[in-house]
1. Quick check on this structure: which one of LYS270, LYS260 is in contact with a Cys (Cβ under 7 Å, 6 or more places away or on another chain) and either farther than 23 Å from SER176 by Cα or outside the structural domain of ALA160 (by TED's automatic domain parsing) (or both)?
2. Is there a residue being out of contact with any strand residue (DSSP E or B) (no Cβ under 6 Å at 6 or more places or on another chain), in a helix (DSSP H, G or I) and either surrounded by fewer than 15 Cβ atoms within 10 Å (Cβ to Cβ) or modelled with pLDDT under 75 (or both) anywhere in the range 67-76?
3. Can you tell me which residue is surrounded by the fewest Cβ atoms within 10 Å (Cβ to Cβ) among those in the range 35-62 that are in contact with a strand residue (DSSP E or B) (Cβ under 8 Å, 6 or more places away or on another chain) and in a loop (DSSP other than H, G, I, E, B)?
4. What pairs come up if the first residue lies in the range 105-128 and is aromatic (Phe, Trp, Tyr), the second is outside any loop (DSSP other than H, G, I, E, B), and their beta carbons are under 7 Å apart, counting only those six or more places apart or on different chains?
5. Please determine, by comparing only the residues of the range 276-288 that are in contact with a Lys or Arg (Cβ under 7 Å, 6 or more places away or on another chain) and in contact (Cβ under 8 Å) with a residue 40 or more places away in the chain, which one is farthest from ASP304 (Cα to Cα).
6. Go through the range 125-140 and give me each residue that's surrounded by 14 or more Cβ atoms within 10 Å (Cβ to Cβ) and under 13 Å from LYS175 (Cα atoms).
7. Looking at the range 248-263, which of the residues that are loosely packed, with under 15 Cβ neighbours inside 10 Å and not in a helix (DSSP H, G or I) is farthest from the chain's Cα centre (by Cα)?
8. With the checklist (1) among the aliphatic types (A, V, I, L, M); (2) within 24 Å of ASP304 (Cα to Cα); (3) free of Cβ contacts under 8 Å to residues at least 60 places away in the same chain; (4) not in a strand (DSSP E or B) in hand, flag the one item VAL153 doesn't pass.
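The values are calculated or read from the model by the stated rules, or taken from the named source; none is laboratory data. What you see is a predicted model, and the numbers here were worked out from it, not measured in a lab. Don't worry about glycine lacking a Cβ; one is built from the backbone with ideal geometry, like all the others, and counts go over all protein chains shown.
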Amino acid sequence: MNRRLTVAEQLAKQGVSRRAFLKFCAAAASLMALPPGMAPAIAEALGKRTRPSVIWLSFQECTGCTESLTRSHTATVESLIFDMISLDYHHTLMAASGEAAELARKQAMEQAGYLVLVDGSIPTKDGGIYSAIAGVTNLQMLKETLENAAAVVSIGTCAAYGGIPKADPNPTGAKSVQALMDEGLVPRKPVINVPGCPPIPTVITGVLAHYLTFGEIPELDNLGRPTMFFGDSIHDRCYRRPFYDQGKFAKTFDDEGARKGWCLFELGCKGPTTHNACATTKWNNGTSFPIESGHGCIGCSEPDFWDAGSFYSALSMPTTPLDLAAGAAVAGAAIGVGVALANRSKKGAAKSAHQSAGLADLEK
């Protein structure tokens, strides 16, 4: 196969100006929570890198993750695919089909250091017969494709944790990419989990931009998620957090509290136990996110969110010991609310006592 072009060579070939490239790098810096002044350094690093081959495998999924990627608004999908990476296989987006499509995947696997992106869980029951592409089960295709891969990115909660297909009773024996590696069913490779149902588009492109810039996976939390996007809970960054601390909660979706934008905790919001960038990055070109639209977070970027209980039942405490820090934050906030209510009660009692004393004086 012909030598792959570096990013700089590819940009020059396409007539992309240095100015436009720096603008892209500034956007990439923002995605990675780096200062804009890092754009020249990112441009230099990217310019020297060879465009990596990317194989995107879609298994038990709804195509929502691909739809999300195509709606990325910062590092656009066009620049990502045609300038920064070589997306050699994606059976939803590629023009080829049938034997030509599968030939493209096998040719891409001949290049060392390719990336594998997976969306959708992988069925394992009965040999994985419940989902197959070109007569090859998802399990077998993943095993084959990972053999010489540099790393794998699990796109969406289904690939990262099993998602909805894994929900009880899990009829297909659906599992995540990491679970298959832990069980020795597929080759073990570095894994980056980018959960969400679907994941935020700029989070997907931000993770890829980091890999392209630094040639390594970003810092990950205990669930394999990039801390630059999943380091904080939605609750910590939510604009309704002050109302939580003040003990002001909407009781129904259309009451006065809801109209005033009060906290949705009592209506089932899972923001305190959910780690994602929804409250800061938002959706639809940074327009909004579910809580801003009036609906509580359902915790879709956490493992087993579908089986964690009603989306509309309030959390009494963190439901999973996934992050003790998050639990401490929730407990601290709850204590804060309790103290505020206790102080309010004390003030009310003192006021009543004062008024009673005043009345007694008048009666005298």
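1. Answer to the check: LYS270.
2. yes
3. ARG49
4. TYR114/SER53; TYR114/VAL54; TYR114/ILE55; TYR114/ALA108
5. Step one: of the range 276-288, the residues in contact with a Lys or Arg (Cβ under 7 Å, 6 or more places away or on another chain) are 279-280, 288.
From the residues that got through so far, the ones that are in contact (Cβ under 8 Å) with a residue 40 or more places away in the chain too are 279-280.
Values: ALA279: 21, THR280: 24 Å.
By that ranking, first place goes to THR280.
6. Matches in the range 125-140: GLY128, TYR130, SER131, ASN138, LEU139.
7. It comes out as ASP255.
8. (4)
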